[in-house]
Each structure stands twice: as C-alpha cells, then as structure tokens.
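*Asks:* The following block contains the structure, expressed as structure tokens.
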Amino acid sequence: MTKQHLYLVDGSGYIFRAYFSLPKLTDPQGTPVGAVHGFTAMLWKLIEELNAAEAPTHLAVILDAGAKTFRNDIYPAYKANRPPAPEDLVPQFPLIRDAVRAFSVPCIDQPGVEADDIIASYALAALAEGFNVTVVSSDKDLMQLVQPGLDIFDPMKNIRIGRDGVIEKFAVPPEQVGEVLALMGDTSDNIPGVRGIGPKGAAELILEFGTVDNLLANLDAVKRPKLRDTLAEHAENARMSRILVSLKDDLPLAVPLADLTLKDPPHGPLGAFLTKHGFRSLMAKLGREMEADAAGPEPAPDVAFTHKDYETVTTSERLAWWVAEARTRGLVAVDTETDSLDATRAALVGVSLALEPGLACYIPVAHKKGEGLLAEAVEQLDIPTVIAALNPLFADAAVLKVGQNLKYDLIVLRRHGVAVLAPYDDTMLLSYALDAGRGGHGMDELSAKHLGHTPIPFKAVTGTAKAAITFDFVPLDRATEYAAEDADVTLRLLGVLRDRLWREGGTRIYETVDRPLVAVIADMEIAGIKVDRAALARLSAAYEVEIAALETQIFELAGGPFSIGSPKQLGEILFEKMGLKTGKKSSKTGAWTTDVTELERLAGDGVEIAAKVLDWRQNSKLKSTYTDALQAQINLATGRVHTSFALAATSTGRLSSNDPNLQNIPIRTEMGRKIRYAFVAEPGHTILAADYNQIELRLVAAIADEPALKAVYAAGGDVHALTAQEVFGEVTRDTRARAKTINFSIIYGISAFGLAQRLGIDRGEAARYIELYFSRFPGIRRYMAETIQGAKDCGYVSTLFGRKTHLSMINSKNAGERQFAERAAVNAPIQGTSADIIKRAMARMPAALADAGLTGTRMLLQVHDELVFEVADAEVEAASKVIKTVMEAANLPAAPLAVPLAVEIGTGASWGDAH
DNA sequence: CATATCACG
DNA sequence: GACGTACGTGATATGA
C-alpha cells in the first residue's frame, strides 16, 4: 500500500481569488454565485490535477469561520484594516460549503481560530500518523509549516514549495519564517512588525540572531545605530507580532483524519448542485466525465445476481458496519418492506440496503412466525435499535440515498421516526424523465429492460390471492433474497439511468421538478384531508332512497326486473325487448351502446326509461364511488383521507391520484357537488383552493406564439368571446359557448368529425369553422403542424421545460393509431407544460410558506390546475398572497411567457365552499 | 381480467 | 382512399 497523502486546501484564498478575478454571475434563483462558480471550477480542477499527478488519499477544504479569532483578543486591531466582505460575496459563503460537500469533500472550519491554524493542526497530526502532507495555499504564513514530509502547493503559480523554495523566498529556512514575518509585519493583516524593516532586512537580522527574542535581547550587537533605535522603539510590537504570526498547531481535530479519505465525486449530489445554480459549463463537464466513465477502458464487469450472498442483519454490530460502510461510500440504495401497499397505514417490516452491485443486506424488524394469534416474533433487531442506527445515515447530507418510488419509503420511514433527507435519487423518476410514454416505470419492468434481469416476483414470496401472506410472515431467508435484491436492482438501475439522463437530457425536469416533489408530496399524503363521515353517510342514505325509487319505476317501465347496472342487459331491454327507436351504435363486442349520449338522445325523444336510467346511474355512481367508498377510506388513526399521488403514471407529466382518487371528486352537477362539502378543515382552519385560470389555453397562446390570443390574455379579455367574434362574427351566449368548445378542441388536437359531434352540426360546417379559426389564428395551425412534424422526426415532443413525451405510434402505418398519436402530440406539450408549472409551484411552496412564517398552512391536494390548502384562520390572508405569488410566477425564471398566468383563490369551511 | 361507464382537469 | 373519431387519468360493476 502506498503512503497516505493528505491535501489541505486553504479555501479562503480560493474564494477571494474566484470573487475578484471572475465576472459577476447570478443563478436561476437570483442569488449571486460568481465566486461559487469560480470556486467550484477551481476545486474541481485541483482534484483532477491532483488525481492525475499525485494520487492523494485524503483531502479536506479548510475555511475561516468568519467570526473574531483569538488573535483579536491579543491585538484588537488584527485584520481591522480589512474591508468587510463585499455585499454580494456574503451570501456565497454557505453555497461554497455546499459546493465542497457536493464533491463529497469534508469542509472544516472552527470559530475562534483561522483556517491557517486548522491547517497547521491537521498537518502536524497527519505527519505524526506517518502521512505525507501538502498544503494548497498561496499564503506565505503557511510556509512556516514546511518540513520533511510536508510541502506547499501554490495553485496560483502552480508550483510546489519545499524547504529550498522557502529559503529561496525568505532567505531563511521554514522554522525561521515566523521570525522574519514578525519583523516584516503584514499590512494586509494589520500586523505591525517593525517599521522600516522589510523582507530583506528581517531575513538579515534573523540569519544573524536566530529569533526575534534573541535579537531583542542582544540589541547592542546590532551594528547600524538607526536600526538599533527602531528595534528598541518597536520591541513590543515585534514581540506581539511574533505571537500573531505563529500558528496554533495543537487544535483538536473536529473531523478525524480517517474521515478525510478522498472519494470520487459522487455524480448525483454534484449534478444536483450544478443544476441548482445553473452552472451549465460545469454540468457539461460532468456529463462528459460520466460518459467517459461509462465508456472507460475498464467497465465494471456485470456482477451476476446471486441471491445467496445477501446478508440478513440481526446484530447491532453488523448493522453498524453497514451504516458505517454506507457513509464512507457516500451512496446507498434503500428499500422498505411493509405489510401494506398503503404507505400511510403500512407497518415497517424490514429495510434493505445496497452499497454496490451484489453487496446488499436485509434488516428485518417485525417478522413473525406461526399463525394468527399464535404468531411469535422471530429473532431480529428491534425497531428502535434499527431506527437509531439508520437515522444518521439517512439524514447524512454527504450520502446519496437512492430508491425506487422513494416517496413510499419516505412516508413509511417518516411514520416510524426516520427522516430521509437530501440528497436522494429515485430510479422510477429517472426512468420517467427519460422514457415517459415508453411503458411503465415499475421496478420489475425497469430491471428487465435495463439489466436484463427478472427480480423475484413479490407473489413468489407472499403467495397469491386467498393464500397470500403479508411480508412479515415471510421466512427471513426468503425475505432477504427478495428484499435485498430490490435494493441491489435499484442501485444498479441508478447507474444505468443516471448516465442516460446526462447523455439524453432531462436533468432539468428531473432535478428541479420531479425529484424535489418527492418530499413535498410525501408531506401532502401524510397530511391527508379531513372528511366529514356523517355528512357522507347522510348523502349515501339519500342516494339510496332515490336509487330504490328509480329502480321500481325502471322495472315498471321495462316490464320486469333486470340488472340496471349491466350495460348488456340494459341494451337488450331498450333495443330488443322494448324495440326502442334505432338502437344506435354498437361497439366492438357487438353490444348496444348505452352511454350517456345515447341515453340522452333517447330521453330527448321522450323515452322515460332512458331519463330514469340516467338518473339511476348518477345516483349509484355517486354512492358507490364517492359517498360509500370515501367513508371506508378514512384512516382511523388520523381521521383523515390520505390519497396517494402517482408521480410517474401519466405520459404527459401530470400527477394522478389513487386510493382514493381525489382528483375526480364531483363538481359539475349540483347533486355531485354536495360531496365536496364533506371535505372540511379542522376547527380553527379554512380550506383554501387556488386554481389557474384557463392555464392550458393561455399556454396555447404563448407556445403557438399567436398574437391575437396573446393580446387578449395580456389585456385580461375573454378568449371565448374573441373566438366567437372571429369565427361566428358576433358574440352571443350561443356563439360564445360554441367558441369555447372550439377552443378546447384545439387543445385536444382538432378533428372536423369530433367537433361536429360535439357541436351537433354536420361535418362540413365543422370543417368550415376550423378553417376559419386557423385563418384568424394562423399561429395555431403552424404550432400543430410543427409539433406533429417534430414528433415524427424525433419520436417525442417536449414541454417548455424540456419534459419529453414519447409517441411510439407517431409513424404507424395504421392510420387510426397514427392520428391518435398526432393528437396526443399536439396535446402533450400543452398539458405537460401546465403540469410542469404547477409542479414547480408545489416544489417551491413549502419554503415560501415557511419564509413567510406561515406554520399553520399545509398543502393537501393537487388537481391538475388547482392546489388545495388547509390554513389556520389567522393566516388566510397572508397565505393567499404567498400562494398566489408563487403560483403565478412558477414558470420563472426558466420560461418567461408572453401571457400572464392568473390564479384565483377561494376559501371556506369546506372544499365545496372554497369554490 | 377485460369491458363499459362515468367522475375529474 | 380509408382510417375512426378530442387529450390525460382512476374506480366501479358486470360478466366471461
């Protein structure tokens, strides 16, 4: 093994050099980052150069803590002539610490002492341990330290300074540099020294007398009288200066030497840091580096999946080892096993960790054996022990945590007292950023696609259907094979997907939108929303009465009982038994269509049973899907309903909501809307609903760059009225309603047939409207054509923020499939940009509320263009302002729009009242 | 497990 | 000239 070599970087010098020598720069948030950028680039270059030439084993960056130091106690004027740090440099200091950490390099400072003292202390400690040491600094004070095994690297001049170098510069050896410095003084540090004595004179004296003390004790021996008098006069200054320039080299080491081990910069945190501050050239550099890594001469051989090698962790010692190893490596894949798919109810059963391909473990915490009431716990660590061990790991800012659908694990772990903090990555979301529209993003699918490996199916360990057991009853050996493999797969997926993300793009949407949303949405799901169970029960009862009455009437009209909920039976009754009209369409299966348009047509013709069935359907839909189901979904522990938002379910970037779906709670009919009044605020709180006004149409205007539409939004006008005027020549209640349908048809990818159907006109007339529309708004036609062509060329379309939606059928030979893909291509950038915007608002919301001191305000739900909050009554006014501001500016600064975004806010005791 | 229907944006 | 008919979701009941 080669000798350990510690590099100590004097960070302060880098910072000031970066600040003064480089142009000003601000990041996307508006923070000045010129020095941060310069510092980051210089540190990176240094690490590269050191790696190329010297092979350091240990590295730390040392910074000044900024406060007063012990030298000020000795000499209040110490450094008093220094101007304060420039105003725009001050906010950059913490960011520079972030930069250092992003490289996974320890960043050390200590109040009361200077960076030089820390450097001296670490240097001597390392030498005592047998290390070689190099101090990276241009500060002459540090030259005192040079000795066998310790040299200085001056990054400004790019030279190494050893004993000879010091003698060349000061004419004295390193051990006497302090003496020389004391006589010389230092104007920049306000160290007085002895007036009139410069480097030459000081060196001469020290060469003759050895030390300042000896010189002052033997002033008689100084030959030149003038000089002798000066020395006598400033003897006190000289003594004090000698103390000021000496380095304190026996400080306790805040971070042990062993923790300064140099690692490869972890790409995840570094990428996140660079992206956050918009350091594009450095991002490109990281991308190239990762590409080179990926294509390097020694690609890591694929490690086969050998499940028997996974470890079952059942002792504190082994647990401690895995945690320590994970922290040393700075990367850990994590997966939790539970007894339920519902993260807000699930009990933790075990945790698996993976550190490198093939190196993974499973930590059981709640496994049982036996059956039912006779079940007894198996031998395993208890939950408090495991939680205490995992918390420091998952909260460590120097460790990248990676999960597959990490939101689930975040929620389960949080509910058990474990916080998982940034930095983290989610392989599901990486896949989503890369491959939206190209299939699912579940682990088994990703593993098969990217690793060529089919993981053990969940059902293979728990059994199926009736015979299924929960994971806590899976024997430990099988549980370990399954669970550790999931963490292993996740870790391997990270490698594959992260590399692709850099090469193919998508880092912006992943790192600034989807990834930060994981923690935000986890909080929303944990919060849940209060539902008034009694109100729902009353509605259920009312619907039930109505359903029963309608059923009787329907059976009477039909001439006998049948299953009204069966489209097949209903079709037969209506169109065969009753021989109603021309039983219109029939679908693929050959069954009669009985959907709402068909029944409305019949009802319009005076068919009473059709109207009754429509009414019956509405009542039974509301009862079964909403009032009954929602009561069953109330979490007994919280008294609230906790939906799950799927982050990677849609092809366009939208969220979806399930178990229960809270994004399709009725509102359009008065009867259904009653259900919204059952979504209530806690006592002392108010429900606040904030929704974007016509966001998709506004985006069409902006993206298609259509002057007339942009103008009407800029002026706060009525687009539907404008369209009515342009297409129909007049604005009436009727033409405005039809114009509204036309406007929406644009968003969905217009077709004359579809528009004709919706407007109840013939196809030719619809085609004329469309043509008229396009001639009035030519930008729209151009946008549609360009978008479709772009999709055909690339296979995908993109939102304003770079989110891709792939359209595999865009060049299909099947006209139906192809046209379907073309309409989706037109729609996806609009729907997707809207999704990006509200997600950006959501990602920013918690900090914005916290910054405004609004601790009684929580974000609960998202419904595509609407955010729902629960707000302490006293905060309603302030929260409204913050929410509106954040939402209306959510496109900025990344994508300025030529139309304003408008957010409307409503408040009330319930969701129904807030609209 | 697929189909039809209908709730939402 | 034919194709099939507005984009994106999730829950429920029915029936094979």
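*Asks:* Residue by residue through the range A:196-207, which ³J(HN,Hα) values in whole Hz follow from phi under the Karplus form 6.51 cos²θ - 1.76 cosθ + 1.60 (θ = phi - 60°), with glycine and proline marked x?
*Replies:* Rounded to whole hertz, the list is x, 9, x, x, 4, x, 4, 4, 4, 4, 5, 4.
*Asks:* Using the crude model of +1 on Lys and Arg Cβ and -1 on Asp and Glu Cβ, and no other charge, please compute the dipole size for the range A:1-104 relative to its Cα centre, in debye to 20.
*Replies:* Around 240 debye, computed over the range A:1-104.
*Asks:* Report, please, the projected area of the range A:1-101 averaged over directions, based on the convex hull of its C-alpha atoms, in nm².
*Replies:* So the Cα hull casts an average projection of 8.6 nm².
*Asks:* With the Cα gyration tensor of the range A:96-250 in hand, convert its eigenvalues to equivalent ellipsoid semi-axes via √(5λ) and list them largest first in whole Å.
*Replies:* 32, 16, 14
*Asks:* Continuing with this model, one more query. Once you list every other residue whose beta carbon is under 15 Å from the beta carbon of A:Glu179, what net charge do they have if Lys and Arg are +1 and Asp and Glu are -1?
*Replies:* -1
*Asks:* Calculate how steeply helix A:92-102 sits against the longest principal axis of the alpha-carbon atoms of chain A, using the helix alpha-carbon long axis, and give the answer as 0 to 90 degrees to the nearest 10.
*Replies:* Orientation of helix A:92-102: about 80 degrees from the principal axis.
*Asks:* Report, to one decimal in Å, the Kirkwood hydrodynamic radius for the range A:695-828 based on all distinct Cα pairs.
*Replies:* It works out to 15.4 Å.
*Asks:* Would you kindly calculate the translational diffusion coefficient of the range A:414-515, applying Stokes-Einstein with the Kirkwood radius from alpha carbon pairs, for 25 °C and a viscosity of 0.890 mPa s, and quote it in µm² s⁻¹ without decimals?
*Replies:* Result for D is 159 µm²/s.
*Asks:* I'd like to know which of A:Gly330, A:Leu476, A:Ile363 lies farthest towards the positive end of the charge dipole of the range A:305-495, counting +1 on Cβ of Lys and Arg and -1 on Cβ of Asp and Glu.
*Replies:* A:Gly330
*Asks:* In the structure displayed, which of A:Lys79/A:Lys226; A:Lys68/A:Lys248; A:Lys459/A:Lys530; A:Lys276/A:Lys839; A:Lys449/A:Lys839 lie more than 24 Å apart, Cα to Cα? Present the calculation step by step, with values, prior to reporting the outcome.
*Replies:* Details: A:Lys79/A:Lys226 29 Å; A:Lys68/A:Lys248 15 Å; A:Lys459/A:Lys530 34 Å; A:Lys276/A:Lys839 16 Å; A:Lys449/A:Lys839 28 Å.
Over 24 Å Cα-Cα: A:Lys79/A:Lys226; A:Lys459/A:Lys530; A:Lys449/A:Lys839.
*Asks:* Counting residues in chain A as N, plug N into 2.2 N^0.38 Å and put the Cα Rg over that result.
*Replies:* Against the compact-globule rule of thumb, the ratio is 1.20.
*Asks:* What number comes out for accessible area per residue over chain A if the probe is 1.4 Å? Units Å², please.
*Replies:* For chain A, the per-residue accessible area is 44 Å².
*Asks:* Considering only protein heavy atoms and a 1.4 Å probe, what is the carbon-and-sulfur percentage of the accessible area of the range A:305-495?
*Replies:* 57
*Asks:* Sorted by packing (mean other beta-carbon atoms within 10 Å per residue), highest first, where do A:695-705, A:452-462, A:672-682 land?
*Replies:* A:695-705, A:672-682, A:452-462
*Asks:* Still on this structure: Hey, what did chain A get for relative contact order, percent, Cα under 8 Å, at least 6 apart?
*Replies:* 9
*Asks:* Work out the length of the dipole vector of chain A about its Cα centre, built from +1 on the beta-carbon of each Lys and Arg and -1 on the beta-carbon of each Asp and Glu, and round it to the nearest 20 debye. Each step should come with its number before you reach the end.
*Replies:* Working: 95 positive and 116 negative charges, 546 e Å.
Magnitude of the dipole: close to 2620 debye.
*Asks:* Let me ask you something else. Return the inverse of the average 1/r over all pairs of distinct C-alpha atoms in the range A:530-639, which is the Kirkwood hydrodynamic radius, in Å to one decimal.
*Replies:* 15.3
*Asks:* Also: List every residue whose amide H lies under 5 Å from the amide H of A:His685, counting only residues 5 or more places away in sequence or on a different chain, with H placed 1.01 Å from N in the peptide plane.
*Replies:* Amide H to amide H, under 5 Å and 5 or more residues apart or across chains, A:His685 pairs with A:Asp873.
*Asks:* Still on this structure, please answer the following. With point charges of +1 on the Cβ of Lys and Arg and -1 on the Cβ of Asp and Glu, referenced to the Cα centre of the range A:843-915, which listed residue (A:Ala874, A:Pro893, A:Ala909) lies farthest in the positive direction of the dipole?
*Replies:* Farthest towards the positive pole: A:Pro893.
*Asks:* Something else: Given a Förster distance of 30 angstrom, what is the FRET efficiency for A:Ala649 paired with A:Asp532, based on the Cβ-Cβ distance and rounded to 0.05?
*Replies:* Values: r = 29 Å, r/R0 = 0.96.
E between A:Ala649 and A:Asp532, to the nearest 0.05, is 0.55.
*Asks:* Considering only C-alpha atoms, what is the centroid distance from the range A:83-118 to the range A:556-576, in Å?
*Replies:* Value for the Cα centre distance between the two parts: 77 Å.
*Asks:* Quick check on the range A:305-495: of the DSSP beta bridges with both residues there, what percent are antiparallel, nearest 5%?
*Replies:* Here the share of antiparallel DSSP bridges comes out near 65 percent.
*Asks:* Over all directions, what mean area does the Cα convex hull of the range A:701-765 project, stated in square nanometres?
*Replies:* Mean projected area of the Cα convex hull: 4.6 nm².
*Asks:* In deg cm²/dmol and to the nearest 500, what is the mean residue ellipticity at 222 nm of chain A if only DSSP H runs of at least 4 residues count, each as -39500 (n - 2.57), divided by the residue total?
*Replies:* Values: 36 runs with 431 residues, N = 915.
One gets -14500 deg cm²/dmol as the mean residue ellipticity at 222 nm.
*Asks:* While we're looking at this one, here's another question. Near A:Asp444, within a Cβ-to-Cβ distance under 12 Å, what is the net charge of the other residues, with Lys and Arg +1 and Asp and Glu -1?
*Replies:* With Lys, Arg at +1 and Asp, Glu at -1, the neighbours total -1.
*Asks:* Provide the descending list of Cα extents for the range A:305-495 along its principal axes, expressed in whole angstroms.
*Replies:* Projected onto the principal axes, the Cα atoms of the range A:305-495 cover 49, 38, 33 Å.
*Asks:* Compute the FRET efficiency between A:Lys792 and A:Thr26 as 1/(1 + (r/R0)^6), taking r as their Cβ-Cβ distance and R0 = 30 Å, and round to the nearest 0.05.
*Replies:* For A:Lys792 and A:Thr26, the calculated efficiency is 0.15.
*Asks:* OK, next. Going by Cα centres, the range A:262-278 and the range A:396-420 are how many Å apart?
*Replies:* Here the answer is 20 Å between Cα centres.
The values are calculated or read from the model by the stated rules, or taken from the named source; none is laboratory data. Quick caveat, the model's predicted, so the values are computed rather than measured. Note: ideal-geometry Cβ built from the backbone for every residue, glycine included; neighbour counts use all protein chains shown. Only protein heavy atoms, including side chains, enter the accessible area calculation; ligands, DNA and RNA are left aside. Shrake-Rupley method; radii C 1.70, N 1.55, O 1.52, S 1.80 Å.
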